[in-house]
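Here is the structure we will look at.
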Amino acid sequence: MTKVTLTVNGKSMSGEAEGRTLLASFLRDTLGLTGTHIGCDTSQCGACVVHLDGKAVKSCTLLAMDADGGTVTTIEGMANADGSLNTIQQAFQDHHGLQCGFCTPGMVMSASALLAENPKPTESEIRHYLEGNICRCTGYHNIVKAVLAASGQDANVMAAE
Ligand code: FES
Ligand code: FES
């Protein structure tokens, strides 16, 4: 076992990890941050997306020990300081961008990374960026609307589903 220390959502957190422990499992099972979901652990679904050193990553594709010393933001770190939903989370709620919610943490983390890179993405850019995130409830239309709204654009420009 190796000690892994990360700055997670602004706090230093440490735990022991085996050489094979995935970052996603370390966050959930060792640090207790179960908002990061594991839908496949084969890098297909995007439910496990977190930000590592400012970049969106699928945390099931990285070993915890390889992230040692890094700065991680998970869905638990996305709310505003007063605990209210941030702009992206609120837009998902307002535009019904979630059904069962399983994919939602990864969608929000990916959407946040997109908006940091491209503050006013087009519908097609949003769809392209979120290609690595699967919604098994197939609520893509409203997810894209939510991301458009979170970027301050009129979500009603999208054609009806
Ligand atoms: S759990 Fe990581 S991509 Fe599915
Ligand atoms: S809301 Fe159910 S998987 Fe996306």
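No value in this document is a laboratory result; all are computed from the given coordinates. Worth saying up front: this structure is predicted, and the values here are computed from it rather than measured. Don't worry about glycine lacking a Cβ; one is built from the backbone with ideal geometry, like all the others, and counts go over all protein chains shown.
In this structure the amide hydrogen of L22, modeled in the peptide plane, comes within under 5 Å of the amide hydrogens of A64, none closer than 5 places in sequence on its chain.
In a fully extended conformation the segment linking D82 and V157 would gain 23.8 nm over its present Cα-Cα distance, using 0.36 nm per residue. Evaluating 6.51 cos²θ - 1.76 cosθ + 1.60 at θ = phi - 60° for every residue in segment 149-154, the Karplus couplings come out as 5, 5, 8, x, 9, 7 Hz, glycine and proline recorded as x.
Taking amide H as placed 1.01 Å from N in the peptide plane, V49 has its amide H under 5 Å from the amide H of S59, G106, each at least 5 places away in sequence or on another chain. Note that segment 46-63 has calculated 3J(HN,Hα) couplings of x, 5, 9, 5, 10, 9, 10, 6, x, 10, 6, 9, 7, 6, 8, 9, 10, 7 Hz, one per residue in order, obtained from phi through the Karplus relation 6.51 cos²θ - 1.76 cosθ + 1.60 (θ = phi - 60°); glycine and proline are x. Here the gap between T30 and T61, fully extended at 0.36 nm per residue and compared with their Cα-Cα distance, gives a gain of 9.4 nm.
Protection proxy ranking of 41-48, 123-130, by the mean of other Cβ atoms within 10 Å over each peptide's residues and highest first, is 41-48, 123-130.
Among H141, H95, the ranking by other beta carbons within 10 Å of each residue's beta carbon, starting with the fewest, stands as H141, H95. Treating r as the C-beta distance of Q44 and E125 and R0 as 22 Å, the FRET efficiency rounds to 0.55. Here the Karplus curve 6.51 cos²θ - 1.76 cosθ + 1.60, taken at θ = phi - 60°, turns the phi angles of segment 134-147 into couplings of 9, 10, 6, 7, 6, x, 4, 4, 6, 5, 5, 4, 4, 5 Hz, with x standing for Gly and Pro. For segment 2-76, relative contact order (Cα pairs under 8 Å, six or more residues apart, normalised by length) works out to 40 percent.
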